Each structure stands twice: as structure tokens, then as C-alpha cells.
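Just below is one structure, and these are the notes that go with it.
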Amino acid sequence: MRMHRRTVLALAVFTGLTAPSMALAADDTIKIGLLATFEGPFTVLGEDGERGAMTAVAEMNGTVAGKKIEIVKGSSDASPDSAVRAARKLVEQDGVKVLVGPLSGDEGIAVKDYAKTQPNVTFINGTSAAQDTTLRNPAENFFRFSTDGAQWMAGLGTYAFKDKGYKKVATVAEDYSFPYTQVFGFMAEFCKAGGHVPSKSWVPIGNKDFSSVIAAIPEGVDAIYVALGGADAVNFLTQYQQSGGTAPLIGGSITVDQTVLTSKGKLKDVLKGTPSAGPTADTNDAPAWKAFVEAYKKQPGAFPSPSLFAHGYYVDMKATLLGLDKVGGDVSDGGKKLREALSSLSFDTPTGKVSLDKNRNAIADIFLTEVTEGSDGNLLNKLVKVVPQVNQTLGIPEDEFMKLGAVNRDNPSCP
Amino acid sequence: MSLAISTPGATQQNWLEKLGAGHIILGTALVLYPLVASDFFLTQIGGYSLIFGMLGLSLMLLAGYGGMVSLAQITVAGISAYAIAILGNNNSNVLGFGWPWWLAVPFAVLAAALASALIGWISVRTEGIYTIMITLAIATATYYFAQQNYAIFNGHSGYAGIRAPAFWGISWRDAKPFYYLCLGLAVLSYAAVLYGSRSTFGMTLQAIRDNPRRMRALGYHVTAHKVFAWLLAGVIAGLAGVLLVWFNGRVSPGTIGVDAAIDVLIIAVIGGIRHPIGPFLGALVVVLMQTFAIDIVGAERFNTLIGMVFLVIVFVSPDGILGLWGRIKPHLAQEALRPGP
Amino acid sequence: MSLLDRPSQALSSGGMTLRQAWGLAGLLAAAVLAWLVFAAWPDWLNAILISKKAFVSAILNGITLAGLYFLVASGFTLIFGLMRNVNLAHGSLYLLGAYIGYEVTNRTGYWLLGVAAGFAVLAIVGVIMQVFVFRRLEGDDLRQTLVSIGISIVAADLMLAVWAGGTYQISTPEWLDGALTLPVITAVRSNGASVFLTYPLYRVVVLAAAIVIGVGLWLMLHKTRVGMMIRAGVDDRAMLQASGVNVHAVFAIVFAVGAGLAGFAGVVGGSALSVAPGEDVRYLLASLVVVIVGGMGSITGAAIGALLIGLAEQIGLVYFPTYGIVLTFVIMVVTLAIRPQGIMGKAR
């Protein structure tokens, strides 16, 4: 009797669950996987990424080459392991042939490694901005139409040295790959221009107490380059101001964002005039950008202005759809035609023309900004200038650039 | 279970009977599973559940027989996973000594076992509920350290490009061989724990759990027995760590984070820590929930769901699903005996 | 102690007791520290320890951070001392207190109201947890702990649902802003003017609050009737119950105070630093290590543990950021190896 029931249980468990949902997509729909952080502390960013991607889908009225677009979502918690697990589910269980994502740097590298094991699936980046996703050991089927963290810094080092006249700068940044990439991008230019960086502070992730770090910054630096996530920047600035510091700041791409600019208190005076750079700018008057903002705002729960993540996912999803359109939505050949179409794709985004280099990484415009006080008294990032068509080696010849080595804590160095 | 022990003619039947009908059916089902399952279900559900089942098993061994609830099992697994990445090959351009698998694996498991014994030695110096605190502190400290140390752990990015080896003409990273590899090691660990629990050592350990003072008075070396249990648990967790790094192809601090540490506890508690099969059951339930939550309830509130399930289990049935089953079974049996209407 | 003293007394011909030797060593250490803080540093010392400013700031930050850690850990140790309840949801209580403090401060504009709300709401939450959850599992340490883990998982996720992943900063009132100038010279400018060390006023206030609360707790435990009951309960719960005291009422009070302190620390800590998901785990870890080192159930132990861990963390952050966590860890392991029950803990 007992045995019998166990048999039934065992059979139920092992057959009922095994039927994979291999329901092949009908001919008139095309499945696209969308991988972003829908759980964990980055949920808000992942959801804005989704809004960006859906803006691109809405622009095509939900169809591409006469086929209906079906978006299958995959969720990670921003850890590389979970990103790969989600990608595997999308590819191996849900059967997507085209996947857009992921969101953060280390996830990108992990998904690129996974992409190598799935040559018949086409992967298009979300917003992950680590350099080595495409620069070293690239995967043939991983495309990035958004730029990397070093590219985002294009023009900033030169601007700080020449226009601002900073000769000695200390850096404070979080201790992982994305800030390394940003510091690298800034210093590559700044050191080349003749500047010096006598001290680099790498702050453990999640640390909120910067006071000891601030005390260790050498006196007599002209400015401090800060690459901390928006809210941590507020922490840093508050504590810096409390400890009586006065040196001006230079911001990383996610440092001087709206969280920081709208914060209350006496930070305003410290922040005014802070230069920064990134793939978007608040006061971009280009009609294409304004149209994009309007389209983005139609998405449910949209922010007043699209974040960097909405922008990145939009650009990558748009490129995916354009590529699919070119090949008539046909990926039955293992996506070979699609990848050829993507490689040669060049199109106009809300932030200018985007094309790919030989490593399938974007060449695009970068925006140099500076914090100014708006007419209503609020701070905003004013567009200073557009650095046109920045490539992954920041305009430095490739072999010379590769000689600089992979980004890490100590590279580059110019004390 | 069987009374006919001394009948010489019935040796074979006896052996089968000793194994138990449940085991035979379960074993057959698991061996035949690849015939019906897709690759995804083989590795992402089957293999992954077996790996986390082994982790849960190593916790069950400590908690169920030794009364020591550890939150550092994923840390131990992480040590062997990192060891594989460091001693073998990785494509992160850091370390990677290129040892062959048959050398790297024993070393990795040994390192994990020794680390586990060390954690055990530190935590058995205090009693009872302290263990859970100390192991949680160790797990978290290791996570933060791995995140910031580049010389050994390669920091936040960890190691990538680690591949399961190919030997005996089989590529073990393919779905079916990998599933059987996981299954083989899981069955081995399961059998070892089941056998060990009935051995002298197992009995002594359980007696120490129930009354350490009396066992000490009887002349048993309580600390040595406990630390040895940690060593054994470390071997199982270390093997699971090797499988885990081959499964993911990578290892990073996120792999051994606090969330993962608590996941292992959840798996063991949901499944039940009275019998070694419990953790595997718990792992299957949790992995299925984790994988398909996004299709059913959305991924956002997944942790609330799993936390609630965990709370209900702890409140209603301290012995997990196994305990629940144990309670329902008599009712069902009575139902079946009752004459029809 | 006196038993140990005798042989050493016989050994040291100068007639100095061990206690005196320790005293002398302590005085020497204090003198070196005083010199480090007040004297102008020679260049070689600057070369080793980055700069005097960095060193003295790290020490001060360590001490003020210890104040915050003490506030969190004292509630944890109090609850454990009486009820044998390892409340692993203590970090969640801290984070919830911080969020509530943020909401109240933000809406009313009064920071002190936010602090009070953080304490009061969490005290109520604590009583609810004790009455509806932990009392049902009384005497089952393991299940209580498991339940507290379950609560912390659900709480973390629900807080993420309500307050999302952003970072909040509780704005402190004007009178707490700004910096104090300390009589410590960090450098001498070329024109001969001395540069004095400035230090944020708020952090000094946090430290003062921690000291006041620590002394208050000690007085409550040692000078009041409730405190007497609590201490009696720590030593022998069954006896206390037998002598007619309503143990459950005492339990509820202790849980209220412990959880309230966590909430209070949340608002205070959230104003000094910031409030974000993940902070629950950080402060849970800090509390765990502090009480493991200091000794479970001892307020004095929590103070000593907090001081050690706070200093280790800040000095580590400045001088070896990579191995900072290892320093904390080593302190814990060494304590466990030498004195498993913690520095001030009682052997059971």
C-alpha cells in the first residue's frame, strides 16, 4: 500500500514536471527574450530598462516584418550567476532565438561567456558597460549598441585639465569593475593631457561611511573625481562637506544624476559647476531626443526623464528590431543572416548615429555636461558639448590602447 | 525493516528488501528521468536540485544528527569552487594553474573539508544556538572578503570560463552526462549519510546531540566527534561546490552570498532535517519555485513567497515536507481502509 | 585574579604585581596615543600612517561608529540574555526603524519626532513579535531562530516593495549640522598658522547618545525593580517564574526595549549615513560580531565589542581596505579561541 502511493508520487513528480513547454512559436510571432534586474535592489533600474525596450517595441507597433513581437521576460538580481540562469531559461526553456540584456557590468561578461556556448542564438546587450564584454575575448554572437563605461567618460579628462585647469585630482570610487572602467576612461585622457592622480580610494561596495576615506584624501588636490552610485554620492558629498572639505568635484556617469541634484541641503553650492559625461544629457535640445522622451513617457510608471538604463535598453532593442526587420524576421538559419545584418547596421538614435566596430561594440556620441542652476532654482546637467562618434579605444590607436592593459584598481596610474 | 536476516537462501532478496521499495522506485525514476526530460529540465532543474540537495544534505548531517545548524555550508562549497577555478583553468587571466581535473578535484574537496573542520572547531567551542550566529558571521565575512580580495578571489568579478572536464570519452558538461554525474555523487553522499547515521560514529553523534554532558562523562571526546562530523559535511559540501562551479561555469562572491547561505537553510528546513532525503525534496521544491516564479507570480515578490512558505513550514511542521507527509500518511491509510459508501 | 597574582608576585623581584604591570602598560599605551594625537608628527610617521589627519580621523570615526554599533547590538544582546532568543531579524528592525524615521521626519519636518517614532513603532513591533510569534515557540531556541530568519527574508522583501531600491537620507536639523574644531593640530601651514582638525558635530552627538543610553541601560538593569527581575531571569528563569513574577510581561518589556533600540539606532544611523536595502544584513552582522566578541547578554560586553569592531573597521578602511573585514574576523576568531563565551560573557 505504502509502496504504491510512493510510486504514484514519484511518477507524478517526475513526469508531470518534465513536459517542457516546447510550444513552438507560431509562424506569425517572433519571441524576444528581455533580461533585466526585476528582483533585488536594482529592480527600479531594471523596470526602467524594460520601459526603454518597450518604447522601441511600441515604435514598431508591436510588429516586425509582419510578425507579432512576443517579449519573454527573464529576471536576475544583478549577480552574474542569476543572469546566466535567467538567460539559460530564456534560451533553453522558452526557446528564444534573440535575447536583449543584461543590465550590469559583471552580468554582461557572464552572459557573453554563455553566448559562446549558444552559437545559434543572437545576444544583444542591455546596458551592461564593462569594457571586456566586447574588447577582450568577445563572443561572435554578442552585440552591444550601447557604449561602455570608459567611452562614457570621453572628453571629460581633457575638459577637466584644459578648461577647468585641474592639475592634480584624487579619485574616490566603488571597488568593482564598472567604476574601474569609468576611472580608466577618465584617467586615460587626463593623464595623457599631463594631469596627475596622486591618490585613488577604492571604497568597498555597500560602504556608507566615507569619513575615514575623506580624511585620507591628500590635501592640496585641485579636484576630486567621484564615481559612486547616485545615492552614495550624496552620502559622500554630505560627509565631505561636514568635514569641511572644499575641493570641487568631477562626476562619473551615474554620480551626478537626479537623486543627487534634487537632494536638499547645502550641497547645491558644492555641486554647481561639476563636470560629468555620459551617453545622455538632461538638456538635449535635439528634436530626436525630445521625441524619444515623449514616447518614453507613455510607458506605465515612467520617470519624468528616461534614465540611462531606459536609453540603453531602447537603443539595443531598437537595433534588434531593425536587424530583424532587415531579414524579414527569419532566424530559422540559426540567426546567421540576422547577425550579418546587425554587424553592418548603422542607424540614428535619439542621441545620434550608432554603428558597430569589428568587436561588435558601439561607436556613438557622448555628452559632456556640467551642473548648473536652472531658471526654477533646481540643479540640472547642462549639455556642454557633444563628443562625436567615440569608439571603444577612445580614439587611441588600438594596439596602443591594448597596451594600457585591462582595467583594474591600479591601471592606469599617473601619481 | 526486514526480519529474515539469517536465512541464507534469501540473501539476494534480503539485499533488495534492505534497500527498500521506496529507494528502488525513486532510483529507477531518477535514472530514467533523462528519457523524458529536456536538456533544460535535466540540468537547470535536475542537476541544480541535486547540487543544492547535496548542500542541504551536508547541513542536514550537521543539524539532524549533530544538532549544529550551520549557515556556512555555501561558504564551504564556495571554497572548493574557488579552488577548482584557481587550480584548474579559468579565462579571467588571474591564477589558473591548469591542473588536470583528477588532481584539482581532490584538492578542492580536501580544502573544503579542512575549512569546514576549522569552522566546526571554531563554532563547537560554544554550544547550541551560538553555532548559527558564528557560522552566519563567518559566511558573511568570507563573502565580503572575497568581494574585495583580488589576489586570491579576483574580487567582485570572481572567475569565469571554468569548464567541466571531458574524460573517458565523455564530455561531462553536456546535459545528460552532467545530470548523471550529479545523480551519482548525490546518491553516493546520500547513501554515505544514511549508512553513517547507523554506524557507531553516527549513533555516538546523535547521542551527543541529545545529551553532550552524559556522553562526556562516559568518556567520549565530544569535540572530536563534532569536528569530525563537520569534516564529513565539508566533503559533501565540497563535492557540491565542484559540481556547482562546473554547472555555472563561473564563481563569484555572489555565489557564496548571504542569500545563498540562507537558501541552503531554507532548502533543508522545507524538505525536513530528520531524514537525508528531505534536503533533496526541499531543493526540488525551491528550485522549481525559483525558476518558474517569473512565469506565474512575477519575480518581484518571490522572496516574500518563499519566506512565507518557510515560515509556515517552521510553524506547522518542524520536520518539513517529510514531517508533513508523515502526518498526512496515517490519515490517508485510514481513509483507504474505510469501506466505500 | 588574586590566585593568579601570587606566583607572578613571587617571580618579579621588584615586588610589582601583575595588576600593576598591566596598569603601567596601559598608561604607556595611553601616553603613546596622547602623543600621537596631540604632537606634531615627524615625517617618517606621516610616511607610515598616511597623515596625522587620516590617523586621528580613523580613530575618532571608529569610536563614533562604535557608538552606533553599540546602540544596535545592545538590544540584540539584551533580548538574547533574557530569552535565549537569537533574533536574526534584528537587522530588519534596524532598517524598518530607519525607513519609519525617514517618513516621519520628511512629512513633519521634525527630526526628533522621527527618532521618537523610530523607537516607538519598533517597540510595538517588538512586542507584537514576542507575543504572537516567539511566545508560541518558547523553549525551542532553534525554531525561534529559524522563524526570525523567515521574518527577516519576508521583511526585507516587503520593505523593498514599499521603499524600492533607492537610498534615503534622513535630514538632520540645522543645530546638528556643521563641524567641531578640535584642539588637535594636523598640519602647520607655511605661514606658521596651525591647521586644526575639524570633526562633524553629528557624529559626536551619536556617540554621546550611545553613552547616555548605555549608562541608562546599566542603571535600569542594576537599580530598578524591572532590571532586577530581568537580571534574575537571565540567571534562572524558572526560579523567577516560581517566585510569582509575570515572566511574560518582563519578556515583552525587554523585547520592546531591544527592538525599540534597534529602531532608534536605525534613525540615528540613517541620519549619519543613509538608508538602503542591504543595510539590514550589515547591521545584523555587526551586532552578531559585537556580541560574539563582547559576550552574549552583557551590556558592558556589547560596549567593549562595539569599540573593538568599530575601530577595526575604520582603521582597516583607511590602511588596508582589502583586508579590513579580515581584521574584524580575526578579532572574532581569537576571542572564540581564547574565551568562547566572549570577553564579558558568563560561562554556562
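Scanning the range A:268-297 for residues being among the aliphatic types (A, V, I, L, M) and touching an Asp or Glu at 6+ places or on another chain (Cβ under 8 Å) gives a total of 2.
In the range C:276-302, how many residues are over 9 Å from C:Gly342 (Cα atoms) and of a type outside the set (Ser, Thr, Tyr)?
16
Scanning the range C:134-152 finds no residues that are within 14 Å of chain A (Cβ to nearest Cβ), over 25 Å from B:Asp263 (Cα atoms), outside any loop (DSSP other than H, G, I, E, B) and more than 24 Å from the chain's Cα centre (by Cα).
Restricted to strands (runs of 3 or more DSSP E) entirely inside the range A:177-252, those with at least 2 residues that are of a type in the set (Gly, Ala, Ser), touching a residue at least 12 places away in the same chain (Cβ under 8 Å) and in the same structural domain as A:Val270 (by TED's automatic domain parsing) are A:223-227. The selection criterion, being assigned by TED's automatic domain parsing to the domain that holds A:Phe347, in contact (Cβ under 8 Å) with a residue 40 or more places away in the chain and either assigned to a loop (DSSP other than H, G, I, E, B) or touching a Leu at 6+ places or on another chain (Cβ under 6 Å) (or both), holds for A:Ser305. Test B:Tyr150 against the stated conditions and say whether it is more than 10 Å from every other protein chain (Cβ to nearest Cβ) and either modelled with pLDDT of 90 or more or touching a Lys or Arg at 6+ places or on another chain (Cβ under 9 Å) (or both). No; evaluated as a whole, the condition is false for this residue.
So that you can scan it fast, the table gives a plain yes or no per residue for (1) among the polar types (S, T, N, Q); (2) closer than 25 Å to C:Phe134 by Cβ:
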{"residue": "B:Val269", "(1), (2)": "no, yes"}
{"residue": "B:Asp295", "(1), (2)": "no, no"}
{"residue": "B:Asn303", "(1), (2)": "yes, yes"}
{"residue": "B:Gly307", "(1), (2)": "no, yes"}
{"residue": "B:Ser317", "(1), (2)": "yes, yes"}
{"residue": "B:Gly320", "(1), (2)": "no, yes"}
{"residue": "B:Gly323", "(1), (2)": "no, yes"}
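You will find that of C:Gly67, C:Gly62, C:Gly23, the residue that is of a type outside the set (A, V, I, L, M, F, W, C), at pLDDT 75 or above, out of contact with any helix residue (DSSP H, G or I) (no Cβ under 8 Å at 6 or more places or on another chain) and part of a helix (DSSP H, G or I) is C:Gly23 and no other.
For the range A:170-188, the count of residues that are charged (D, E, K, R) and out of contact with any strand residue (DSSP E or B) (no Cβ under 9 Å at 6 or more places or on another chain) is zero.
Do we have A:Ala56 as at positive phi and under 19 Å from the mean Cα position of the chain (by Cα) here? No; evaluated as a whole, the condition is false for this residue.
The number of residues in the range B:280-324 being at pLDDT 75 or above and more than 14 Å from chain C (Cβ to nearest Cβ) comes to 12. Can you find, within the range A:72-85, the residue that is surrounded by the most Cβ atoms within 10 Å (Cβ to Cβ) among those that are modelled with pLDDT of 85 or more and more than 8 Å from every other protein chain (Cβ to nearest Cβ)? Ranking the qualifying residues of the range A:72-85, first place goes to A:Ala83. Residues in the range A:128-151 that are surrounded by 24 or more Cβ atoms within 10 Å (Cβ to Cβ), of a type in the set (A, V, I, L, M, F, W, C) and at pLDDT below 90: A:Ala129, A:Ala130, A:Ala150. Scanning the range B:130-156 for residues being touching a residue at least 24 places away in the same chain (Cβ under 8 Å), farther than 29 Å from A:Gly105 by Cβ and either among the hydrophobic types (A, V, I, L, M, F, W, C) or touching a strand residue (DSSP E or B) at 6+ places or on another chain (Cβ under 7 Å) (or both) gives a total of 1. Comparison of A:Ala86, A:Ala110 shows that the only residue that is under 30 Å from B:Leu288 (Cβ atoms) and out of contact with any helix residue (DSSP H, G or I) (no Cβ under 7 Å at 6 or more places or on another chain) is A:Ala86.
In the condition set (1) within 25 Å of C:Phe80 (Cβ to Cβ); (2) surrounded by 21 or more Cβ atoms within 10 Å (Cβ to Cβ), B:Trp121 is compliant with all but (2).
Just wondering, is there one or more residues in the range C:168-182 that are assigned to a strand (DSSP E or B), among the polar types (S, T, N, Q) and either without any contact (Cβ under 8 Å) to a residue 40 or more places away in the chain or within 11 Å of chain A (Cβ to nearest Cβ) (or both)?
Yes: the range C:168-182 contains one or more residues that are assigned to a strand (DSSP E or B), among the polar types (S, T, N, Q) and either without any contact (Cβ under 8 Å) to a residue 40 or more places away in the chain or within 11 Å of chain A (Cβ to nearest Cβ) (or both).
The set of residues in the range A:248-292 that are modelled with pLDDT under 75 and at positive phi contains only A:Gly265.
Which residue, of B:Val269, B:Val258, is among the hydrophobic types (A, V, I, L, M, F, W, C), more than 9 Å from chain A (Cβ to nearest Cβ) and surrounded by fewer than 21 Cβ atoms within 10 Å (Cβ to Cβ)?
Testing whether each residue is among the hydrophobic types (A, V, I, L, M, F, W, C), more than 9 Å from chain A (Cβ to nearest Cβ) and surrounded by fewer than 21 Cβ atoms within 10 Å (Cβ to Cβ) leaves just B:Val258.
Output the residue which, of all residues in the range B:140-188 that are part of a loop (DSSP other than H, G, I, E, B) and over 24 Å from the mean Cα position of the chain (by Cα), is surrounded by the most Cβ atoms within 10 Å (Cβ to Cβ). Filtering first and then ranking leaves B:Asn154. Tell me whether the range C:39-51 contains one or more residues that are modelled with pLDDT of 90 or more, away from chain A (no Cβ under 14 Å) and in a loop (DSSP other than H, G, I, E, B). The answer is no; no qualifying residue exists. The lone criterion from (1) away from chain A (no Cβ under 14 Å); (2) more than 24 Å from the chain's Cα centre (by Cα); (3) part of a loop (DSSP other than H, G, I, E, B) left unmet by C:Gly165 is number (1). Of the residues making up the range A:197-213, just one is surrounded by 23 or more Cβ atoms within 10 Å (Cβ to Cβ) and more than 8 Å from chain C (Cβ to nearest Cβ), namely A:Phe210. The lone criterion from (1) over 30 Å from C:Gly114 (Cβ atoms); (2) buried (at least 23 other Cβ atoms within 10 Å of the Cβ); (3) among the hydroxyl-bearing types (Ser, Thr, Tyr) left unmet by C:Thr322 is number (2).
All conditions in (1) modelled with pLDDT under 85; (2) assigned to a loop (DSSP other than H, G, I, E, B) hold for A:Asn359, with the sole exception of (1).
Does B:Ile208 satisfy the condition of being within 14 Å of another protein chain (Cβ to nearest Cβ), of a type in the set (A, V, I, L, M, F, W, C) and crowded, with 18+ Cβ neighbours inside 10 Å?
no
The values are calculated or read from the model by the stated rules, or taken from the named source; none is laboratory data. This is a predicted model, so every value here is computed, not measured. Using ideal geometry, Cβ is built from the backbone for each residue, glycine included, and neighbour counts are taken over all protein chains shown.
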